[in-house]
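The structure under discussion appears below in the form of structure tokens.
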Amino acid sequence: MSEEAVETIELKDCPRWWQRRWLLWVGTGIVVLGFAAALAVEWGLRQMQPMLRKKVVETLSARFHSPVELDQLELSMTRDMIVTGGGLRILYLAGPTKPDARPNAPPMLEVDRFEFRTGWRELLRPTTRLVTVKVQGLRVNIPPKGDRGAREPDDPRRKGQSALGIVVDRIECTDAKVTLETSKPGKKPLEFAIKSVVLTDVGAKKPLGYTAMLMNPKPVGEVRSTGHFGPWQGDNPRDTPLDGDYEFTHADLSSIHGLGGTLSSTGRFGGTLGSLTADGTTETPDFRLDISDHAMPLHTEFHAVVDGTTGDTWLDPVRARLGRTEITARGAVTRAEGVPGHNTDLSVVIERGRLEDILSLSLKSNPPLMRGALVAKVHFFDPAGPVSVSRKMKLEGTFAIKDGMLNNPEMQAKMDSLSMRAQGKPKQANAQEAAVVGSALSGKFSIANAVLDVKDLNYQMPGAQMLADGQMQLVPSTFEFHGKVRTQATASQMTTGWKSLLLSPFDKMLKKNGAGLELPIKVTGTRSTYDLRLDFPHDTRAPAGLPTPAK
């Protein structure tokens with residue numbers, strides 16, 4: 001190809017001067033239009049900001065019949081319009097608070113920050129529908145009913161008009177807190193710290209759905225709940241409907257001083273804030289008290305009525321299984337006056353119980369001193385306060401034990417030997433021939449300040465009966481009882497050989513109230529040993545030859 005042809009082709013491929021200028025004009029025009037569009041968007045956002053702010057304030061004001069304050073609202077534009085705001089305050093939710101009853105009352109609803117996305121067209125409609133609103137730092141303060149005042153009537157000028165300028169499908173809240181104040185002197189407000197909550201189907205006249213996660217303060221643990229709430233009853237929030245299912249996991253019972261173990265619970269509730277009916281179960285595989293620190297499996301099933309505005313709970317009934325012991329309880333858990341926490345007041349019935357389960361839970365000895373079938377009726381009261389549960393709880397009631405056996409073989413052998421002698425069978429009182437005997441016990445008891453007091457103790461085994469009163473220190477598991485022993489056999493019938501002959505003259509003197517022998521005794525002991533001896537006022541020695549069980 002010639003040089004002239006090549007030059008001609010290159011000239012044809014190069015843009016002429018007017019083509020280069022046209023490209024410059026187009027580029028410049030695009031830049032100018034883009035800049036103008038940005039200015040237009042900025043101007044539009046500035047014009048729409050007060051309009052949207054007004055719509056938000058008017059919507060909330062109409063919904064709650066309350067003055068609304070909004071410190072900040074900003075609009076920005078990406079693919080969608082992003083609206084952010086903060087410092088939102090609704091002064092009251094159920095009528096204006098009384099100035100004379102609540103001076104300088106805090107707003108009943110506060111929001112630190114909120115954000116939502118929407119489109120231009122949606123924002124310009126009379127009723128704007130928002131898919132999701134994100135809220136941070138929500139605080140709800142509900143004063144006592146008597147301080148709320150009357151609900152404001154609807155504005156007659158709005159009759160026939162839509163009350164909502166904004167409709168929200170979903171609200172996602174983080175770091176929320178609900179405070180229920182009380183007018184009772186000495187009682188602190190009830191506070192619920194909510195880690196996160198998602199509200200769906202949000203509307204003024206229908207229940208909204210919720211999924212919430214909160215940290216329970218005592219016992220410390222995570223609660224997840226899903227259900228329905230509302231519609232909000234402004235005149236009386238206690239009548240607001242509420243229902244749901246809950247799951248309470250990894251609750252650390254050591255956050256309650258004196259208890260230990262990890263609790264989990266599931267259940268369902270429904271009703272109103274002022275009266276919720278709840279049914280559920282709990283599982284604590286390692287329940288324990290600090291006075292013994294012996295872990296026991298605890299399972300409960302409960303039916304309860306809860307006042308959601310105070311936290312007061314009425315239990316009717318609670319059915320529990322501690323080890324092999326079945327327990328039924330009824331009573332109330334109510335907020336205390338003057339101190340933080342709740343008072344627990346229960347009536348407890350044990351119809352099919354095991355003594356070793358109760359002793360393992362309450363005493364350090366391992367194995368427990370005695371085992372046997374247990375029946376008991378107990379009144380349990382645990383006052384609020386920072387003291388250990390084992391130290392401040394108070395119990396009183398009656399008990400009966402059947403087929404009681406000592407877990408220490410040596411101690412049981414001594415009781416078997418004593419039973420044989422008391423029946424007038426001294427030749428069978430040795431360890432090889434003595435029959436293993438069970439005991440029956442009954443009496444009244446009370447516990448306060450970690451001390452067990454027993455009254456009217458009736459301890460029976462074949463051939464003998466002990467009537468006594470006594471006391472047991474739960475820490476460090478020591479006891480002392482004073483009373484009398486009555487035997488079926490006379491003093492001489494309880495021994496053999498020359499001892500029997502020596503005691504024969506004393507038989508008539510020692511017989512009393514139909515018993516072959518009646519003597520005062522004293523029983524003392526620790527976790528695993530006991531000492532049974534005569535308890536004469538000035539002389540602890542028995543008449544010559546009378547057998548005295550030793551340690």
When Lys55, Lys195 are arranged by how many other beta-carbons sit within 10 Å of their Cβ, fewest first, they go Lys195, Lys55
Per-residue Cβ contact counts at 10 Å, fewest first, order Trp314, Trp498 as Trp498, Trp314
For the Ser446, Glu480 Cβ pair and Förster radius 22 Å, calculated FRET efficiency rounded to 0.05 is 0.85
Residues of the range 504-519 with backbone N under 15 Å of the label point set 7 Å from the Cα of Leu467 along Cα→Cβ are 511-519
By the Cα gyration tensor axes a ≥ b ≥ c (a/c under 1.5 gives rounded; else a/b larger than b/c gives prolate, otherwise oblate), the shape of the range 408-534 is prolate
Zone reached by a paramagnetic label modelled 7 Å from Asp312 Cα along Cα→Cβ, restricted to the range 190-233 with backbone N below 17 Å, covers 190-191
For the pair Ser196 and Ala413, the simple spin-label estimate (label points 7 Å beyond Cα toward Cβ) gives in nm 6.6
The simple spin-label model distance between Thr524 and His257, using points 7 Å out along Cα→Cβ, in nm, is 3.3
At R0 = 56 Å the Cβ-Cβ FRET efficiency linking Gln432 and Thr132, nearest 0.05, sits at 0.10
Taking Met420, Met411 and counting other beta carbon atoms within 10 angstrom, the fewest-first order is Met411, Met420
Of the candidates Ala489, Pro520, Met466, the farthest towards the positive dipole end of the range 408-534 (Lys/Arg Cβ +1, Asp/Glu Cβ -1, centred on the Cα centre) is Ala489
FRET efficiency (Arg319, Arg125; Cβ distance; R0 41 Å; to 0.05) is 0.15
In debye to the nearest 20, the charge dipole size for the range 213-313, taken about the Cα centre with +1 at each Lys and Arg Cβ and -1 at each Asp and Glu Cβ, equals 100
Under the 7 Å Cα-to-Cβ spin-label approximation, Glu396 and Asp80 lie apart by a distance in nanometres of 6.6
Among the range 247-265, those whose backbone N falls under 20 Å of a label point 7 Å along Cα→Cβ from Glu222 are 247-256, 261-265
Extension length gain for Asn236 and Val387 (0.36 nm per residue less Cα distance), in nm, is 50.7 nm
Check: C-alpha center the range 373-416 vs C-alpha center the range 294-313, spacing in Å is 23
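Every read-out reported here was derived from the displayed coordinates using simple, explicitly stated rules and does not represent laboratory data. Worth saying up front: this structure is predicted, and the values here are computed from it rather than measured. Neighbour counts run over all protein chains shown; Cβ positions are idealised from the backbone, glycine included.
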